[in-house]
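We did not get these values from a lab; they are worked out from the coordinates using the rules stated. Since the structure is predicted, the reported quantities are computational estimates derived from the model, not experimental observations.
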Amino acid sequence: MSKAPVTVPCKYKTGKILGTGTYATVKEAMHIDTGKFYACKVINKKLMEGREHMIRNEINIMRKVSQGHNNILCLVDYFETMNNLYLVMELAQGGELFDRICQKGNYFEQDAANVIRTICDAVAYLHDNGIVHRDLKPENLIFRTPDENSDLLIADFGLSRIVDSEKIDTLRTLCGTPSYISPEIFKKTGHGKPVDMWAIGVISYFLLCGYTPFERDSTTEEMQAIMHADYTFDEEYWYGVSDEAKDFIRQCLTIDTQKRITAREALEHPWLIKSSQQEPAEGQDLLPTVRKNFNARKTFKRAVDMVRLSYHLVHQKHPVKAAATPEGQKAMAEVQPVNEGVEEVLKNDDQH
């Protein structure tokens, strides 16, 4: 049984929890005067002590891009109390991209291309405004409503940065979700807008086969595969996918950032232009293969995530105990590169 909503000083009444993170909880919130519902990100000030710049950054990013593009989640309001910070955003109730794909009766290459064209258009808008998202992945692509023709939205600007060409040309902190991170982030050679296009390449690959291109048995092996752009189009799963789709992915997954396709260039790529012509979907139904691969890997990923979470919780409270167990040592080796990246973001991003 859920607790009764708590009145938040200001104009909102918060209700059920929609999601939780390390520093924040997202709750449903109702505007008291209008009765309209929103998503409210409640951030614990005590947990964020010394890292307030991360919140200020997210607010600045969302203020800059809110309501400027139909496919970007809007920031509606912001306020704070003695203990918490509140970011009020539009409430997207249509679910995550891939969940909706798996619920469809069929799914064609053109459907994937339409999704990628929408993402590229929104990312082009961000890049035109000097913003790098830095954490594009299917989980951050959600639908505004459950309607079939609902807008797809880019969400979660917690790792985004405004790139001011007069002050900062590139960012140097390690960040993002491992499977979608570009080589230049791992190499710490500096990065900028091209990281989003690499992520779009990974998302495109994922949408066409149900798994990511650099999946390996460990995070370290995955990092090595990413840094060398070591991936293949396995004929078993890629039979029937067009050459244009593969070429688009190759142009995104290009190690040299100078040669990697830009968001504006991507919108002119034959694969996306063809999808915009609104011809009836044709070719092979990708859904059976995509769903099968996705479900198999989701089960495995859930198991890995549980190991990582267990390690994280134990490590925070009982680091000696964690290191003393075989499970802890194994988890530690697996998550170390990711932990280092997170710690570096928290420590260094205020310098940028």
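What to note about this one:
- When the listed pairs 246/274; 137/187; 137/193; 188/246 are checked against a 22 Å cut-off, the alpha-carbon distance exceeds it for 188/246.
- Other-chain or far-sequence residues with amide H under 5 Å of residue 108's (modelled H): 286
- Note that the stretch 25-42 has calculated 3J(HN,Hα) couplings of 10, 9, 10, 6, 9, 10, 6, 4, 6, 9, x, 7, 9, 9, 9, 10, 8, 9 Hz, one per residue in order, obtained from phi through the Karplus relation 6.51 cos²θ - 1.76 cosθ + 1.60 (θ = phi - 60°); glycine and proline are x.
- Amide hydrogen proximity for residue 84: with H placed 1.01 Å from N in the peptide plane, the residues at 5 or more positions away or on another chain lying under 5 Å are 45.
- Backbone HN-Hα couplings from phi across the stretch 178-183 [Karplus 6.51/-1.76/1.60, Hz, Gly and Pro as x]: x, 4, 10, 6, 7, x
- Lysine pairs in the stretch 6-90 whose alpha-carbon atoms fall under 23 angstrom of each other, counting only those eight or more residues apart or on distinct chains, come to 20.
- Dividing the convex hull volume of the alpha-carbon atoms in the stretch 97-290 by its residue count gives 120 Å³ per residue.
- Amide H contacts under 5 Å for residue 76, placed H, 5+ residues apart: 88, 89, 90
- J(HN,Hα) series, the stretch 65-71, from Karplus relation 6.51 cos²θ - 1.76 cosθ + 1.60, nearest Hz, glycine and proline x: 9, 4, 6, x, 8, 5, 10
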